[in-house]
Amino acid sequence: MRVVISAAPPPRLDKALARDVPEAAALSRTRLARLIAEGHVSRGGDVLADPKAKVAEGDVLDIRVPEAEQSHIGPEDIPLDVLYEDADLIVVNKPVGMVVHPAPGSPSGTMVNALLHHFGDDLSGVGGEKRPGIVHRIDKDTSGLLVVAKTDRAHHGLAAQFEAHSVARSYLALCYGVPDTGDPRLRGLRGVSAEPGAVIKVTTQLARHRTDRQKQAVFFGQGRHAVTRARLLESFGTPPTLALLECRLETGRTHQIRVHMAHIGHGLVGDQTYGGRRKLAASAVSGEVAEAVQGFARQALHAAELGFEHPVTGAWMTFEAPLPDDLARLIALLRG
């Protein structure tokens, strides 16, 4: 690829390239930095391996983009519930119990393994390695919607939307207690505010727990900005002791909804990591209901709706995924 530096460029090579490389090339700033470091950028035949190298208007730069290498992750014949597919992306309804990307504790049986089997070479090469474009993730025991990029252009376009918080994400969550915007306890809790429509807004920073590195924790003044909005859809029990919520994400941090709901005192049913296992009053629900709630084996959380702008066509797209069987059965029992 040949790029001519246009007028008034940033003085550094990496920043000038990030500005002037055509968008259709789908080369992120991170990818360009790697190409520079690996000696794939030259000027007049001379390699420019320093990202701080000086450039000027009219400089002609040649970029060699190597073919994407095969991923070290192997394909596996695992069924996928594909809700939508085109040349650029895939929308998948992830089942409970599936990890999105291989990790030391889950080296196989993941969403990535399944995608490699079903879509073969027709996958994004973001970062120089042939792999599915995993733009966002949901927890192993959370079910629901994921969008996956098939092309570099789609990957960068979707990633930009997630970074700008313009993607619409709605989750269904079953929690202990019934959150109420009029509750003085909630109103006095740091990071909690009320919005029109009886929406509870939780705004904090999230970072690794100080003593348990497997958990996330709420902080103020450090960590990553996180915003969750929760709205009551339905309550269960007499008096009401459980609630079905719609939780909308402005940001998408690790365990965000689970941590925020625990922070406001309404942990999710089945969430063993963040304390979502409580004894229900015998007078509030039947013994059958109490047993089903206590025995629910994973966090009661489902990524139900996903909306985004198609990274190539620009069309707004919205998808919905029905509740998985275990959570649907539990809610039916609560209603009964």
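Annotation: extensible slack from Glu163 through Thr238 equals 22.7 nm (criterion: 0.36 nm per residue apart, minus Cα-Cα distance). Ranking Leu333, Phe162, Leu189 by how far each Cα lies toward the positive end of the dipole of the chain (charges on Cβ) leaves Leu189 at the top. When the listed pairs Lys94/Lys201; Lys140/Lys201; Lys215/Lys279; Lys15/Lys140; Lys201/Lys279 are checked against a 29 Å cut-off, the alpha-carbon distance exceeds it for Lys15/Lys140.
The range 178-249 and the range 42-114 have their alpha-carbon centroids 34 Å apart.
Rounded to the nearest 20, the Cβ-based charge dipole of the chain about its Cα centre (Lys and Arg +1, Asp and Glu -1) stands at 1540 debye. Available extension along the chain between Ala284 and Val65 is 72.5 nm, counting 0.36 nm per residue and deducting the alpha carbon span. The length gained by stretching the chain between His310 and Arg34 to full extension, at 0.36 nm per residue less their Cα-Cα distance, is 96.7 nm.
Laboratory data are not the source of any read-out in this text; all were calculated from the coordinates shown. This structure is a prediction, so every number in the text was calculated from the model and none was measured. Note: ideal-geometry Cβ built from the backbone for every residue, glycine included; neighbour counts use all protein chains shown.
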